[in-house]
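Engineer: If you scroll down you'll find the structure; I have some questions about it.
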Amino acid sequence: MSDVCLIGTGMHPWGKWGRPFTEYGTAAARAALADAGADASEVDFVSGAATVRGGYPGFVAGAAFARALGWRGQQVASSYAACASGAQAIAAARARLLAGLSDMALVVGAESAPKGFFAPLGGDRPDDPDWLRFRLLGAANPLYFALAARRRMELHGARPEDFAAVKAKNAAHGAANPMARYRKRTTAGEVLASPVVADPLHLLDVCATSDGGAALVLVREEDARRRGADPVRLAGLSAAVPEYPVAEPEMPYLAGDPPRAEDGDTGGRAPRFREANARAAFEEAGVGPEDLDLAEVYDLSTAMELDWYEEIGLCPRGGAEGLLRDGATRVGGRIPVNPSGGLASFGEAVPAQGIAQVCEVAAQLRGRAEPERRVEGARVGIAVNQGLFGHGSAAVLTR
């Protein structure tokens with residue numbers, strides 16, 4: 001089977017700009033087309049990552065972006081999968097290219113996020129578990145992040161100082177990234193001195209909500225060669241749902257895990273949900289965690305980043321704190337994690353962030369990241385995330 005390659009990436013800087021989300025997506029799309037040396041007239045498929053917070057056009061993101069780019073009769077699709085929307089939009093584009101139904105696909109995601117914590121749309125929806133948790137519990141996302149952090153402290157001996165060190169690491173990376181919203185170095189002491197949002201997490205342990213946009217241009221490998229492009233192979237992609245029901249209370253329909261031993265032994269059961277997505281992407285790409293040169297992981301909270309180290313196979317269960325303390329996950333370390341600065345530096349722009357993660361991995365593999373945060377000689381990278389309603393994804397890129 002032919003591979004699909006990225007030949008163009010583009011982003012709109014993250015921030016709080018107060019503009020329609022289509023403006024960010026259009027800017028990112030034009031940047032991606034310019035990077036690919038392609039004209040919009042060559043695009044025959046537009047795959048949009050959707051948001052439900054940007055007004056009605058968010059529900060038809062593919063058409064909204066095609067319209068903003070001037071129409072041209074392209075085929076369109078829209079993907080709504082919470083934080084994995086971007087990855088599913090990439091999957092739709094890849095499938096169409098591999099089927100021979102399109103020759104050049106443009107994948108776009110963008111967000112105009114509300115101020116403060118995310119909350120469900122208005123109205124009475126008693127069959128919506130996301131609405132219920134706000135109505136019945138008043139439980140915004142940081143509460144769940146804090147419960148998971150407390151669990152990590154109990155199981156693996158994590159300390160608030162470890163969580164703060166994750167933020168300091170990512171802030172150092174993000175300070176050199178012109179697309180990041182927050183470009184200020186932060187010390188662990190400043191994190192620990194910031195207000196407590198939900199014990200044990202401080203304000204600077206939790207990512208913000210942001211506006212932003214990201215886009216990719218995808219073609220089949222033979223077309224990339226014909227164009228003389230600088231391609232990156234999309235070698236593996238998974239967006240599977242959990243295999244078994246969740247056994248413990250979790251954020252409603254936040255993709256969860258089956259029960260298993262904490263020492264990494266599955267006891268004959270299926271791997272954890274996030275681990276399973278990474279494993280599937282590795283298998284398709286023909287690589288393993290030992291081959292990775294970098295990883296972009298979904299750090300909604302600093303504690304969550306530590307969980308990801310283990311889920312994607314960078315270390316055994318309970319080993320994440322040691323990996324962090326040894327400096328292995330900094331740029332210049334053995335396996336840099338979030339050299340972009342992560343959500344700690346960007347904030348959440350939900351439909352765009354899965355695409356932005358892939359943009360970052362591609363930039364690193366092409367040697368285009370800023371020198372201060374560049375992973376020299378990178379050949380293999382992974383981008384992973386997880387969202388509400390049973391969604392998650394893993395994408396492996398190679399050179």
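The values are calculated or read from the model by the stated rules, or taken from the named source; none is laboratory data. Everything numeric here is computed off the predicted structure, so don't read it as measured data. Positions of Cβ are backbone-derived with ideal geometry, glycine not excepted, and every protein chain shown enters the neighbour counts. Keep in mind that these areas ignore ligands, DNA and RNA; they rest on the heavy atoms of the full protein, side chains included. Shrake-Rupley method; radii C 1.70, N 1.55, O 1.52, S 1.80 Å.
Engineer: Within segment 182-205, how many residues turn out to be crowded, with 22+ Cβ neighbours inside 10 Å and under 22 Å from residue 373 (Cα atoms)?
Structural biologist: 4
Engineer: If you go through segment 88-111, how many residues are open to solvent by 10 Å² or more (accessible area, probe 1.4 Å) and either touching a residue at least 24 places away in the same chain (Cβ under 8 Å) or touching a strand residue (DSSP E or B) at 6+ places or on another chain (Cβ under 6 Å) (or both)?
Structural biologist: 8
Engineer: For segment 352-392, what are the residues that are farther than 28 Å from residue 286 by Cα, modelled with pLDDT under 95 and not aromatic (Phe, Trp, Tyr)?
Structural biologist: Across segment 352-392, the qualifying residue is only 388.
Engineer: Moving on to the next point. Limited to segment 32-46, what total is found for residues that are open to solvent by 40 Å² or more (accessible area, probe 1.4 Å) and either in a helix (DSSP H, G or I) or at negative phi (or both)?
Structural biologist: Number of matching residues: 6.
Engineer: Within segment 7-20, track down each residue that is more than 16 Å from the chain's Cα centre (by Cα) and open to solvent by 10 Å² or more (accessible area, probe 1.4 Å).
Structural biologist: The answer is 16, 17, 18, 19, 20.
Engineer: Residues in segment 279-302 that are open to solvent by less than 10 Å² (accessible area, probe 1.4 Å), closer than 20 Å to residue 328 by Cα and under 18 Å from the mean Cα position of the chain (by Cα): how many?
Structural biologist: Final tally of qualifying residues: 8.
Engineer: Go through (1) under 14 Å from residue 384 (Cβ atoms); (2) of a type outside the set (Lys, Arg); (3) in contact with a Gly (Cβ under 7 Å, 6 or more places away or on another chain); (4) at pLDDT 75 or above and name the single condition residue 304 misses.
Structural biologist: Answer for residue 304: the failing condition is (3).
Engineer: Another question about this same structure. Name the residue, out of 375, 396, 358, that is more than 11 Å from the chain's Cα centre (by Cα), open to solvent by less than 10 Å² (accessible area, probe 1.4 Å) and not small (Gly, Ala, Ser).
Structural biologist: 396
Engineer: Another question about this same structure. Select, from 322, 333, the only residue that is open to solvent by 10 Å² or more (accessible area, probe 1.4 Å), assigned to a helix (DSSP H, G or I) and not hydroxyl-bearing (Ser, Thr, Tyr).
Structural biologist: 322
Engineer: It is to be established whether one or more residues within segment 164-178 are in contact (Cβ under 8 Å) with a residue 40 or more places away in the chain, open to solvent by 40 Å² or more (accessible area, probe 1.4 Å) and more than 13 Å from residue 306 (Cβ to Cβ).
Structural biologist: Scanning segment 164-178, I find at least one residue that is in contact (Cβ under 8 Å) with a residue 40 or more places away in the chain, open to solvent by 40 Å² or more (accessible area, probe 1.4 Å) and more than 13 Å from residue 306 (Cβ to Cβ), so the answer is yes.
Engineer: Of the conditions (1) in contact (Cβ under 8 Å) with a residue 12 or more places away in the chain; (2) closer than 21 Å to residue 279 by Cβ; (3) not aromatic (Phe, Trp, Tyr), residue 372 fails just one. Which one is it?
Structural biologist: Among (1) in contact (Cβ under 8 Å) with a residue 12 or more places away in the chain; (2) closer than 21 Å to residue 279 by Cβ; (3) not aromatic (Phe, Trp, Tyr), the lone unmet condition for residue 372 is (2).
Engineer: Take residue 29 and tell me if it is among the small types (Gly, Ala, Ser), open to solvent by 60 Å² or more (accessible area, probe 1.4 Å) and part of a helix (DSSP H, G or I).
Structural biologist: Considered against the rule, which asks whether it is among the small types (Gly, Ala, Ser), open to solvent by 60 Å² or more (accessible area, probe 1.4 Å) and part of a helix (DSSP H, G or I), residue 29 comes out as no.
Engineer: Kindly indicate which of 34, 29 is within 27 Å of residue 183 (Cα to Cα), more than 20 Å from the chain's Cα centre (by Cα) and at pLDDT 95 or above.
Structural biologist: 34
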